[in-house]
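Enquirer: One structure, as C-alpha cells, below. Some questions next.
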C-alpha cells in the first residue's frame with residue numbers, strides 16, 4: 001500500500017512537469033527576444049562604425065549617404081510594411097485596448113503588431129544608422 005506522501009510526491013512531479021510545459025512558450029519567447037535584441041545592438045554598432053569609417057575617408061560622403069539612406073529606409077517601410085511607420089507606441093496602445101475575442105479584432109491586431117513589422121522596423125533603422133542617423137532612446 002502506498003503512503004499518502006509518496007502519492008503526493010509523484011503527483012507533484014507530474015504537475016511540476018505540466019507547469020513547465022505551460023512556462024515553456026514564455027521562456028522560449030524571452031530567449032528569442034534576447035537574441036534579437038543583442039543581434040540588433042551588434043548590427044547597429046557595426047552600421048554606425050561603417051558610417052564613421054566612410055566619412056573619415058571624406059566628409060563629402062555624408063552628402064550622398066545620409067539622404068540616400070533616409071530615402072531607402074522610407075521606401076523599405078512603405079513597400080514592406082506601411083504600419084511600421086512612426087514610433088509604434090500608438091499601435092501598441094491600440095492593440096492593448098482591443099477586445100481579443102472577435103475575429104475582426106484579431107485581424108486588426110495582426111495589422112498593428114506582427115513579426116513582419118518588427119523586421120521592417122529593424123531593417124529600416126539599420127539602413128538609417130548606416131546613413132549616419134542617431135537613434136534617440138525616448139519612449140520607444
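The values are calculated or read from the model by the stated rules, or taken from the named source; none is laboratory data. This structure is a prediction, so every number in the text was calculated from the model and none was measured. Every residue, glycine among them, receives a Cβ derived from its backbone with ideal geometry; neighbour counts consider all protein chains shown.
Enquirer: Could you count how many residues in segment 44-53 are farther than 14 Å from residue 133 by Cβ and surrounded by 16 or more Cβ atoms within 10 Å (Cβ to Cβ)?
Expert: So the count comes out to 0.
Enquirer: Output the number of residues of segment 42-74 satisfying the condition of being closer than 22 Å to residue 114 by Cβ and either modelled with pLDDT under 95 or touching a strand residue (DSSP E or B) at 6+ places or on another chain (Cβ under 9 Å) (or both).
Expert: Number satisfying all stated conditions: 3.
Enquirer: Restricting the search to segment 84-97, which residues are without any contact (Cβ under 8 Å) to a residue 12 or more places away in the chain and either farther than 20 Å from residue 74 by Cβ or surrounded by 11 or more Cβ atoms within 10 Å (Cβ to Cβ) (or both)?
Expert: Result: 85, 86, 93, 96, 97.
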